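Trainee: The structure is given below, and queries will be raised subsequently.
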Amino acid sequence: MLVARYSAVAHRTAALLGAGDEAEDVVQEAFVKAFRHLAGFRRDAAFKPWLLRIVANQTHTTTRARGRRGELTLRIGAQPELRVPDDPEGAVIATDRRARLLDAVRALPEREREAVVCRYFLQLSEAETAEVLGCPLGSVKSRTSRGLARLRKEVGRELS
Amino acid sequence: MNSPDDFEAELLALGEALDLPAPPPSDVARAVRARLEEAGPVSDAAPSHGPVSDAAPSRGPLGRGWWRPGSERRRVPRWRWITTGVAAVLVALVGLTPQGQAAVAHVLRFAGIEIHIDEPGPLPTGMPRPLPGETRVSLSKARETAGFPIMVPAELGEPRDVRVADGGRVVSLFWPGVRMDAYNGVLEVVWRKDLGEPWPEQVTVGSSPGWWITGPHGLTYIPSSGGETETVERVAGPTLIWQRSVVGYRLEGVADPARAKKIAESLR
């Protein structure tokens, strides 16, 4: 039940935090750990951030073990909402801007990138992000705003 | 050009556009089960979760005091938790495979009816009782009382008997050997049906979906909430259920599904 329900978000988290090709391995190991530690899970706590914290930890373990920083190997998928038949030029610009924005996110310092990824790509709340990343709420706020400022500057400069 | 909200919205949209493939959950469940079994009940290696470098490990989900060497919880045999995990994965697997589905009780909710499909239990016995507040009325009187429009299947003609029950929530029309219940409130549970194999068959009535239940089954009427009235149980025969706008219908007593469908489609 847990696997069925959380498999997709767990894979997403692992991939977005930089597990790359090892996302599947990370997720399976995270589920194994989650099952073994179910007793440590407080009944009153939310399950999703708890599980994602394990996924985040496992991602870190895996990426550290292979001796390099977790890379964001992401690609932008099909974007049906961008297909505007009347405005092909506008669609191309929008696609290009997205690619630049993604590059800018990739280039962020790791901590800021993780905060931005949790808040915007995983759509977690600030409190959930704090739990997943294992840092105080204040750090989430400051890392997110620093990251946003950096992104705005990068993307804005490239387009001007 | 970019207000903060625009920029954040752009990030959210980008996140949704990212292509992040995940394997089917059933594959993941199978792999996780294999890993749990591989570790075996005696494996007692300390969990090797790497603490996030900037986190206080004791605050994390894996560091809440569980399984600290020397703590009292150490006495709980580890295999029990592993067993729990394996059971959880098995539940996930059983629910996902077609073979597994047959072994699990299923609940199907449709048009105010909750169908429980399980190992067939004993059917209700005893004399059928009327529905709460059931009274015999004329068709025109029923039309005044009921909180929804009442239609009659042209195929069967004028009903021989009309009854209104539970404050106008249910209107039952009777012909020899055939009964049609029309009821208001397809969003709440008005009836519960308990049956075993065979599974109900999905059919189309006019342009709306419906279900055909072949065999005898337990039927329970769930009175509208707030009342003191008890549920009413009885055995029901083959039944066609369908919905038309906000009114749910069940037609009972016609053994041939094609004929039942024809009757259902003749509502005027």
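Each reported figure results from applying straightforward, stated rules to the coordinates on display, with no laboratory input. Owing to the predicted nature of the structure, the values given are computational and were not obtained by experimental measurement. Please note: Cβ atoms are built from the backbone with ideal geometry, for glycine as well, and neighbour counts cover all protein chains shown.
Trainee: Per residue of A:53-64, count partner chain C-beta atoms within 10 Å of its C-beta, then hand back the mean as an integer.
Mentor: 4
Trainee: When you look at the Cβ of every residue in A:22-34, what mean number of other chain Cβ atoms sits within 10 Å?
Mentor: On the way: counts 0, 4, 6, 2, 0, 5, 11, 5, 2, 11, 12, 7, 5.
Across the residues of A:22-34, the mean count of other-chain Cβ atoms within 10 Å is 5.
Trainee: If contacts are Cα pairs under 8 angstrom and at least 6 residues apart, what is the relative contact order of segment A:2-65 in percent? Intermediate values should be presented prior to the final figure.
Mentor: Working: 48 pairs, mean separation 28.6, N = 64.
About 45 percent, as a whole number.
Trainee: While we're here: Calculate the FRET efficiency for A:Ala107 and B:Leu108 from the Cβ-Cβ distance with a Förster distance of 45 Å, rounded to the nearest 0.05.
Mentor: FRET efficiency, A:Ala107 to B:Leu108: 0.30.
Trainee: Go ahead and run the numbers for FRET between B:Glu144 and A:Ala46, Cβ-Cβ distance against an R0 of 41 Å, rounding to 0.05.
Mentor: In this case the efficiency is close to 0.20.
Trainee: What's the magnitude of the charge dipole for segment B:106-265 around its Cα centre, counting Lys and Arg as +1 and Asp and Glu as -1 at the beta-carbon? Answer in Debye, nearest 20.
Mentor: Charge dipole of segment B:106-265: 480 debye, to the nearest 20.
Trainee: Taking the number of other C-beta atoms within 10 Å as the exposure measure, put B:Asp27, B:Asp19 in order starting with the fewest.
Mentor: B:Asp19, B:Asp27
Trainee: Which of the residue pairs A:Lys33/A:Lys153; B:Lys141/B:Lys193; A:Lys48/B:Lys193 have a Cα-Cα distance greater than 32 Å in the structure shown?
Mentor: With Cα atoms farther than 32 Å apart: A:Lys33/A:Lys153; A:Lys48/B:Lys193.
Trainee: Would you order B:Leu11, A:Leu17 from fewest to most other beta-carbon atoms within 10 Å of each residue's own beta-carbon?
Mentor: By the 10 Å Cβ count, ascending, the order reads B:Leu11, A:Leu17.
Trainee: Can you give the average number of partner chain beta-carbon atoms within 10 Å of each beta-carbon in peptide A:125-133, as a whole number? Please report the intermediate quantities before stating the final value.
Mentor: On the way: counts 0, 0, 0, 0, 0, 2, 3, 3, 4.
The shielding value for this peptide is 1.
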